[in-house]
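Visitor: Structure below; questions to follow.
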Amino acid sequence: MSIGEERLQRRMARGAAFLGSEVAVLCGAMSWVSERNLVAAMSNAGGFGLIACGAMTPDLLDAEIAGTTALTDRPFGVNLITMHPQLTDLIEVCGRHGVGHVVLAGGLPPKGALEAIKATGAKVICFAPALSLAKKLIRSGVDALVIEGMEAGGHIGPVSTSVLAQEMLPEIAETLPVFVAGGIGRGEAIAGYLDMGAAGVQLGTRFVCATESIAHPNFKRAFIRASARDAVASVQVDPRLPVIPVRALKNAGTELFTAKQREVAGSIDSGSLAMAEAQLQIEHYWAGALRRAVVDGDVEHGSLMAGQSVGMVTREEPLADILRTLLAEAASALEARAA
Ligand SMILES: Cc1cc2nc3c(=O)[nH]c(=O)nc-3n(C[C@H](O)[C@H](O)[C@H](O)COP(=O)(O)O)c2cc1C
């Protein structure tokens, strides 16, 4: 083992022990993409895969967990969206399968969710978009946090990864494992965040074009062609609308989303739609649009959720090769620290 590899292993030891994986790299859950094949490929490669439950029913999640277990005997987790109307049933399904790690995404967990997950014996990981919320989540008993910057693909917050990492890691990284996500395309960045105190990292965009990913060939081709500046955040047309920005490759679907917002705003004006229902409609829109692109291959009208690291995705290759490259880059960056 080289000095760099040894340093990398040491810096990832805490995160890897928490996850039960060889290395502290998570493949972030991606709706429609992160199903059994990608999840098992990630865990089999020594990282940590996450099933994206998204809008799945409890029965579908049950089948997906069973399907994943058939493909890997290594640990993997499940990502649940807090606003899912059947959250309690989904937690029960995870518990029945003995899932070891549940990630709660999409806002602060509703009352009782953390306790319900912990009662199954699983560890809970939450997203912390700001320091104050991180402290609140720590008080509520969360086991680990992900801090994700606006460079990421999918739903994003307003602050960049580099700023979140500087602001939050010195305050919370000693208390619990913190995984940094958003905009990571190469191992040098992984080494950097580990040096800053991160227990590990989470990447999404970089893994979309893994050979094992079931994303439609058109979806993968769009990723391979795109550069960083093509991955843009959605705009909010009406300040009243509770729209969480989404980062995706610019296409005709970008305009369709603007039209959808106008339609929803019109329904609020006419009194036919309440605000909470409006938010749900927008989220359903995204789920449908992403499915259209990932599953059906409609890269014009569907949503091509992608992070700014998309420019560093240059070909389709086995997931184990992508992970190996990232780790080698991280190790060689750490090796250079000795000089
Ligand atoms: C196509 C796509 C779909 C995503 N879907 C979800 C999701 O359903 N739930 C979630 O918590 N995060 C989702 N994400 C975010 C990823 O889990 C991950 O945190 C993010 O991709 C990390 O940033 P990066 O894209 O810069 O690597 C998605 C990202 C992408 C690119």
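Visitor: What residue, among those in the stretch 169-190 that are of a type in the set (A, V, I, L, M) and within 16 Å of the ligand (Cβ to nearest atom), is surrounded by the fewest Cβ atoms within 10 Å (Cβ to Cβ)? Can you show your working first?
Guide: Within the stretch 169-190, the subset of a type in the set (A, V, I, L, M) is 169, 172-173, 176, 178, 180-181, 184, 189-190.
Subset that is within 16 Å of the ligand (Cβ to nearest atom): 178, 180-181, 184, 189-190.
Values: Val178: 27, Val180: 31, Ala181: 24, Ile184: 27, Ala189: 22, Ile190: 29.
Among those that are of a type in the set (A, V, I, L, M) and within 16 Å of the ligand (Cβ to nearest atom), it is Ala189.
Visitor: Give the residues of the stretch 156-188 that are under 19 Å from Gly106 (Cβ atoms) and touching a Lys or Arg at 6+ places or on another chain (Cβ under 9 Å), sorted by residue number.
Guide: Ile156
Visitor: Given the structure, is Arg315 touching a residue at least 60 places away in the same chain (Cβ under 8 Å) and part of a helix (DSSP H, G or I)? Spell out how you get there, then give the answer.
Guide: Numbers: touching a residue at least 60 places away in the same chain (Cβ under 8 Å): yes; part of a helix (DSSP H, G or I): no.
Judged against the criteria, Arg315 is not a match.
Visitor: Hey, any hits in the stretch 232-243 for a residue that's out of contact with any helix residue (DSSP H, G or I) (no Cβ under 9 Å at 6 or more places or on another chain), modelled with pLDDT of 95 or more and surrounded by fewer than 21 Cβ atoms within 10 Å (Cβ to Cβ)?
Guide: Residues of the stretch 232-243 out of contact with any helix residue (DSSP H, G or I) (no Cβ under 9 Å at 6 or more places or on another chain): 233, 239.
Those left that are additionally modelled with pLDDT of 95 or more: 233.
Add one more test, that the residue is surrounded by fewer than 21 Cβ atoms within 10 Å (Cβ to Cβ), and what stays is 233.
The answer is yes; a qualifying residue exists.
Visitor: Which residues, taken from the stretch 98-135, are crowded, with 17+ Cβ neighbours inside 10 Å and in a helix (DSSP H, G or I)?
Guide: Ala113, Leu114, Ala116, Ile117, Ala134
Visitor: Right, here's the next one. Counting only residues that are within 10 Å of the ligand (Cβ to nearest atom) and in a strand (DSSP E or B), which one in the stretch 191-215 is surrounded by the fewest Cβ atoms within 10 Å (Cβ to Cβ)?
Guide: Of everything passing the filter in the stretch 191-215, Gln202 is surrounded by the fewest Cβ atoms within 10 Å (Cβ to Cβ).
Visitor: In the stretch 317-339, how many residues are buried (at least 17 other Cβ atoms within 10 Å of the Cβ) and not small (Gly, Ala, Ser)?
Guide: Counting residues in the stretch 317-339 that are buried (at least 17 other Cβ atoms within 10 Å of the Cβ) and not small (Gly, Ala, Ser) gives 8.
Visitor: To continue, here is another question. Hey, among Gly28, Gly15, Gly20, Gly49, which residue is within 16 Å of Val124 (Cα to Cα), away from the ligand (no atom under 16 Å from the Cβ) and modelled with pLDDT of 95 or more?
Guide: Details: Gly28 fails: away from the ligand (no atom under 16 Å from the Cβ); Gly15 fails: away from the ligand (no atom under 16 Å from the Cβ); Gly49 fails: away from the ligand (no atom under 16 Å from the Cβ).
Of Gly28, Gly15, Gly20, Gly49, the one residue that is within 16 Å of Val124 (Cα to Cα), away from the ligand (no atom under 16 Å from the Cβ) and modelled with pLDDT of 95 or more is Gly20.
Visitor: Follow-up question, since we're still on this one. For the condition more than 14 Å from the ligand (Cβ to nearest atom) and over 19 Å from the mean Cα position of the chain (by Cα), what is the one hit in Val235, Val163? It would help to see each step written out before you state the result.
Guide: Details: Val163 fails: over 19 Å from the mean Cα position of the chain (by Cα).
Residue meeting the stated conditions: Val235.
Visitor: Residues to consider are Val178, Val163, Val124, Val208; find the one that is touching a Phe, Trp or Tyr at 6+ places or on another chain (Cβ under 6 Å) and closer than 25 Å to Ile244 by Cβ. Break it down into steps so the answer makes sense when it comes.
Guide: Details: Val178 fails: touching a Phe, Trp or Tyr at 6+ places or on another chain (Cβ under 6 Å); Val163 fails: touching a Phe, Trp or Tyr at 6+ places or on another chain (Cβ under 6 Å); Val124 fails: touching a Phe, Trp or Tyr at 6+ places or on another chain (Cβ under 6 Å).
After applying the criteria, what remains is Val208.
Visitor: With respect to Arg225, is the statement that it is within 29 Å of Arg186 (Cβ to Cβ) and away from the ligand (no atom under 16 Å from the Cβ) true? Show your work before the answer.
Guide: Numbers: within 29 Å of Arg186 (Cβ to Cβ): yes; away from the ligand (no atom under 16 Å from the Cβ): no.
Spelling it out, it is not the case that Arg225 is within 29 Å of Arg186 (Cβ to Cβ) and away from the ligand (no atom under 16 Å from the Cβ).
Visitor: Considering only the stretch 238-250, I want to know if a residue exists there that is charged (D, E, K, R), farther than 28 Å from Gly15 by Cβ, outside any helix (DSSP H, G or I) and within 15 Å of the ligand (Cβ to nearest atom). Steps first, please.
Guide: Initially, the stretch 238-250 is screened for residues charged (D, E, K, R), giving 238, 240, 247, 250.
Then keep just the ones that are farther than 28 Å from Gly15 by Cβ; that gives 238, 240, 250.
Then keep just the ones that are outside any helix (DSSP H, G or I); that gives 238, 240, 250.
With the extra rule that they be within 15 Å of the ligand (Cβ to nearest atom), the set shrinks to 250.
Looking for residues that are charged (D, E, K, R), farther than 28 Å from Gly15 by Cβ, outside any helix (DSSP H, G or I) and within 15 Å of the ligand (Cβ to nearest atom), one finds at least one in the stretch 238-250, hence yes.
Visitor: Something else about it: State yes or no: is Glu22 in the same structural domain as Val146 (by TED's automatic domain parsing) and either without any contact (Cβ under 8 Å) to a residue 24 or more places away in the chain or part of a helix (DSSP H, G or I) (or both)?
Guide: Numbers: in the same structural domain as Val146 (by TED's automatic domain parsing): yes; either without any contact (Cβ under 8 Å) to a residue 24 or more places away in the chain or part of a helix (DSSP H, G or I) (or both): no.
Taking the combined requirement at face value, the residue does not satisfy it.
Visitor: When the stretch 30-45 is examined, which residues are found to be part of a helix (DSSP H, G or I) and surrounded by fewer than 24 Cβ atoms within 10 Å (Cβ to Cβ)? Lay out the reasoning, then the answer.
Guide: Of all residues in the stretch 30-45, those part of a helix (DSSP H, G or I) come to 36-44.
Matches in the stretch 30-45: Arg36, Asn37, Ala40, Asn44.
Visitor: Assess whether Pro58 counts as being in contact (Cβ under 8 Å) with a residue 40 or more places away in the chain, surrounded by fewer than 24 Cβ atoms within 10 Å (Cβ to Cβ) and not acidic (Asp, Glu).
Guide: Working: in contact (Cβ under 8 Å) with a residue 40 or more places away in the chain: no; surrounded by fewer than 24 Cβ atoms within 10 Å (Cβ to Cβ): yes; not acidic (Asp, Glu): yes.
Answer is no for this residue.
The values are calculated or read from the model by the stated rules, or taken from the named source; none is laboratory data. Quantities reported herein were computed from a predicted structural model and do not represent experimental measurements. FYI the Cβ positions are ideal-geometry reconstructions off the backbone, even for glycines, and counts take in every protein chain you see.
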